[in-house]
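Beneath this line is the structure, given in structure tokens, with notes to follow.
The values are calculated or read from the model by the stated rules, or taken from the named source; none is laboratory data. What you see is a predicted model; the values in this text were computed from it and never measured. Cβ coordinates were reconstructed from backbone atoms using ideal geometry, including for glycine residues, and neighbour counts include every protein chain displayed. Please note that ligands, DNA and RNA were not included when accessible areas were found on the heavy atoms of the full protein model with its side chains. Shrake-Rupley method; radii C 1.70, N 1.55, O 1.52, S 1.80 Å.
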Amino acid sequence: MKLVFAGTPEVALPALDALIASDRHEVAAVVTRPDAPAGRGRRLVASPVAQRAEEAGIEVLKPARPRDEDFLARLREIAPDCCPVVAYGALLPKAALEIPAHGWVNLHFSLLPAWRGAAPVQHAVLAGDEVTGASTFQIEEGLDSGPVYGVLTEEVRATDTSGDLLTRLAFAGSGLLAATMDGIEDGSLKAVPQPAEGVTLAPKIEVEDAKIDWSAPALRVDRVVRGCAPAPGAWTLFRGERLKVMAVTPLPDRMDLEPGEIAATKKAVFVGTGSHAVQLQWVQPQGKKPMAAADWARGVRIEAGERVGG
């Protein structure tokens with residue numbers, strides 16, 4: 001089939017690479033978000049998908065809005081058979097959805113209908129799911145509600161951050177998306193409607209959602225830290241300034257600290273929660289680079305009875 005691939009961030013690259021490498025399909029163009037400011041100089045930088053496509057000599061389309069008529073006209077000229085999508089980042093209008101003969105097929109990082117929305121992997125970690133996965137489905141105007149072509153499952157490990165899990169799903173999902181394109185081409189694959197039961201939503205995790213509630217049990221604190229890593233990053237307040245908490249270890253045997261109470265030795269830093277304590281492993285003070293929690297504690301000279309959390 002002739003394909004137009006839509007995607008923007010690095011997580012979309014394994015799928016794009018798999019489709020470029022396929023001997024059954026041609027990636028005629030990619031659709032990606034416009035160049036965005038990045039780095040200290042805030043200069044405009046092309047998305048990872050745009051950069052990879054340019055390296056491969058593939059046409060790159062960067063519409064400000066997918067409903068722009070010049071973009072729709074160019075898509076009609078290309079006349080793709082199907083448009084595979086991975087983390088494109090913009091809502092597709094009906095006019096665009098109707099152009100390819102086999103529609104737009106999205107690789108979504110959850111077992112639909114669970115975790116429909118922008119942050120399925122983060123919500124799976126936050127919820128303590130033991131198993132998640134990826135799904136390919138036909139995009140329609142509803143939110144991730146279209147019929148499903150295929151799924152794969154992936155174990156959520158006890159120490160997984162969202163970044164860890166998303167990386168594994170991106171590589172595993174690239175094979176699923178390529179196999180879905182093959183099945184659509186030869187007619188062996190038919191999309192199946194999602195069940196009405198089991199729908200959960202996964203909206204974008206905002207910075208305020210990543211604030212640690214030290215009165216919650218240690219298990220919840222650990223999930224927030226892992227679920228919000230690497231972005232937006234779990235955080236708390238210490239002496240009125242924001243402190244990003246990058247990794248913790250729950251300590252079921254330590255019960256002597258009140259929620260938010262912090263204690264430090266020469267080699268370790270502990271914080272009380274609503275259940276038992278956690279050990280801070282890595283932190284990032286405001287305006288500084290990430291560092292081992294023990295190094296940070298030595299620098300700030302924590303006093304007895306001090307607390308995090310405001």
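Values as computed for the structure displayed
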| quantity | calculated |
| --- | --- |
| Strands (runs of 3 or more DSSP E) within the range 35-102 that include 3 or more residues surrounded by 13 or more Cβ atoms within 10 Å (Cβ to Cβ) | 59-61, 83-86 |
| Which numbered condition residue 143 fails, given (1) assigned to a loop (DSSP other than H, G, I, E, B); (2) crowded, with 21+ Cβ neighbours inside 10 Å; (3) among the hydrophobic types (A, V, I, L, M, F, W, C) | (2) |
| Residue list for the range 160-193, restricted to those being out of contact with any strand residue (DSSP E or B) (no Cβ under 9 Å at 6 or more places or on another chain), touching a residue at least 60 places away in the same chain (Cβ under 8 Å) and open to solvent by 70 Å² or more (accessible area, probe 1.4 Å) | 167, 171 |
| Positions within the range 255-276 being out of contact with any helix residue (DSSP H, G or I) (no Cβ under 7 Å at 6 or more places or on another chain), over 22 Å from residue 232 (Cβ atoms) and crowded, with 16+ Cβ neighbours inside 10 Å, in sequence order | 257, 259, 261, 262, 263, 270, 272, 274 |
| Residues that are of a type in the set (Gly, Ala, Ser) and either free of Cβ contacts under 8 Å to residues at least 60 places away in the same chain or touching a strand residue (DSSP E or B) at 6+ places or on another chain (Cβ under 8 Å) (or both), drawn from the range 66-113 | 73, 79, 87, 90, 95, 96, 101, 103, 110 |
| Any hit, the range 25-32, residues being in a loop (DSSP other than H, G, I, E, B), open to solvent by 60 Å² or more (accessible area, probe 1.4 Å) and touching a Pro at 6+ places or on another chain (Cβ under 9 Å) | no |
| In the range 3-24, residue nearest to residue 78 (Cα to Cα) [restricted to those that are touching a residue at least 12 places away in the same chain (Cβ under 8 Å) and open to solvent by 70 Å² or more (accessible area, probe 1.4 Å)] | 24 |
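Every residue, every condition in (1) over 22 Å from the mean Cα position of the chain (by Cα); (2) under 26 Å from residue 232 (Cβ atoms); (3) not hydroxyl-bearing (Ser, Thr, Tyr), yes or no:
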position: 61; (1), (2), (3): yes, no, yes
position: 88; (1), (2), (3): no, yes, no
position: 97; (1), (2), (3): yes, no, yes
position: 116; (1), (2), (3): no, yes, yes
position: 123; (1), (2), (3): no, yes, yes
